[in-house]
Every structure is written in structure tokens, then in C-alpha cells.
Amino acid sequence: MNNLALGTAQFGLDYGIANQNGRVDLNSAIDILELAKNNHIDTLDTSINYGNSEIFLGGIGVDGFNVVTKTLKFKDNIDYVVDGFHKSMESLNRKIIYGLLIHSMEDVTKRNFNELFKCLNNLKKKKMINKIGFSTYTPEDVDFLLENFQFDLIQVPLNVFDQRLIEGGQLERLKNKNIEIHARSAFLQGVLLNLDNLPNYFLKWKDHFDYFQNSLQGFSPLEASLGFLMNIDVDKIVVGVDNKAQLVEIINASNKIINLNFKNFSTNDTLLINPTNWEI
């Protein structure tokens, strides 16, 4: 088993700051999935919100993969979300799914959310879902969930710049509760791999980027980004690619042993590490 997971937003959307190729075409997607399977990458991350990503995957076939998908945005209409789940299952051509994540933390504040969560757990009892959890953006999200819900799986932002969940102890608390952790934003939506070719919005962090690049001791930003996550106790590292060559590069980089003082690269500046704040 490989602790990389394949993100498939690019199969349905023009996703990521570094994406110059647009959506992945059918032949490329088939090649990417075949390469993933041959390298024991056993988990796919998708969503009904990622354009036609689920339909794309269902058409190719996802046998042999654990599939994690996400809910539609909750508008106080439980049937709308549950129907969306069944639509995902139909698109993916699956009778059981490994993981279902609440896609928006805003949903948790809605009046009927507890009832929705109960309905989704009933689907788990019916063996349609293996694990239920949440997709989060902030340490505060994780704190709230740990205090208020029982869940199996969580997706969190974590990368060499964004180490808040380590510094705040949330990662340790999740592991102590045996909650499966999937780290996303491994490359900060491509920022970490394109530090010399970013929109002007990012110029204010040039000194931080220069320090990072000058401290890599011959390793590439890709190798350092993956090396950081490989040294952390998470279950899966979600990576997205536009083509087969990128996945080859990621697999090769993930096999390197890298010892750097990663703590020095951390920043709590949410204008950088939270992509929802980017003004680009």
C-alpha cells in the first residue's frame, strides 16, 4: 500500500494555480489511473462538486480503488444531500463507497445538520459507506468537530508552509481517536512548485519563498514538500496531477528520504496558506 492518494479535481475542473493544461482528457486519465494502481496507490479523492469528475471515473472504472467523495452543499434540505450521494454512487458505478466527507464546514452550522448527519450514518449502517467524516480548512474546524461529533475520517490542509495542525496539537488528538487523516493541499495548490512564477499577489512572501528554496540542500521543492508529509503520521497524502509524467515525478519524489528542519518553513499567515483568502 502507498500512502499517496490521487486527487481527481483535475478530471472535472481546471484546478490549481499551476494547472496550464486544463482538465485531464480521457486517455490521460486512463494512463494516470493505471500508473496509480501499478504503484499501489489505492485511494481516489473526488466530489460531485468537481464538474464531471465522478462520471469520468465511473466511465473508466474504479475497481481496486477506495473512493472518497463529498456531499453537495447543505441548504437545510436533507433529501437534496442524500439524493446527491445516490447520484455520486450512480456516476461512480459503485454500490459501496469508502468515504463520504461533508464538503463544507458551513453545513455544520445549519439548523438541520444533526438530522442530516444521522441520515448519512444510517447509510453507513446499511453498508453503503465505510467511513464518514469532514473536509476542513482551519484548526478551529478540527477543534469544533472533535468536541461535537463522532466521525471516522477527516481531510485537512497540511503542507510545509501550513503546519498549524501539528503546532496546535489537533493532528495528535485525531490520531489518539483513531480518526483516519487525509492531508490535502500538499503543494498549496501548486504554489510550492512554482515559487518563481506566481501572480503578483504572492510577492509579499518572496523572502519566505527564497528562504525555503535556499534551505533545500539540493532537494527540489517537490521532494521537500513530500518529504515533510512523509515524516508526519497521516494516513493519506492527496496529490492531484494533470498528466502521467507528473504522477511519475511525485511517486519518485515520495520514495526519497529527506531530513530537513521543516519547522523553519512554517507560517501562520492565513492570507498565504488558506487559498480561500487569495486575491488572484
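Values in this text are rule-based calculations from the coordinates and carry no lab data. This is a predicted model, so every value here is computed, not measured. Neighbour counts are summed over all protein chains in view; Cβ atoms, including those assigned to glycine, are modelled from backbone coordinates with ideal geometry.
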Partner aspartates and glutamates whose C-alpha sits under 15 Å from that of K131, ignoring same-chain residues fewer than 8 away, are D45, D152, E180, D235
Cα Rg, Dmax (largest Cα-Cα span) when computed across the chain, Å: 18.4, 54
Testing the spin-label approximation: label points 7 Å from Cα along Cα→Cβ at T109 and I96. State their distance in nm. 3.7 nm
In µm²/s, what is D for the stretch 194-256 at 37 °C and 0.692 mPa s, where D = kT/(6 pi eta Rh) by Stokes-Einstein and Rh is the Kirkwood radius from Cα pairs? 247 µm²/s
For the chain, what does the helix formula give at 222 nm: sum of -39500 (n - 2.57) over DSSP H segments with n ≥ 4, over the residue count, nearest 500 deg cm²/dmol? -10500 deg cm²/dmol
For the chain, set up a GNM with springs between Cα atoms under 10 Å and report which of V82, V156, V239 has the largest fluctuation. V82
Length gained if L26 through Y80 is fully extended, taking 0.36 nm per residue and subtracting the Cα-Cα distance, is 16.5 nm
Looking at this model, which pairs from K126/K177; K95/K127; K236/K256; K37/K127 are more than 19 angstrom apart at the alpha-carbon? K126/K177; K37/K127
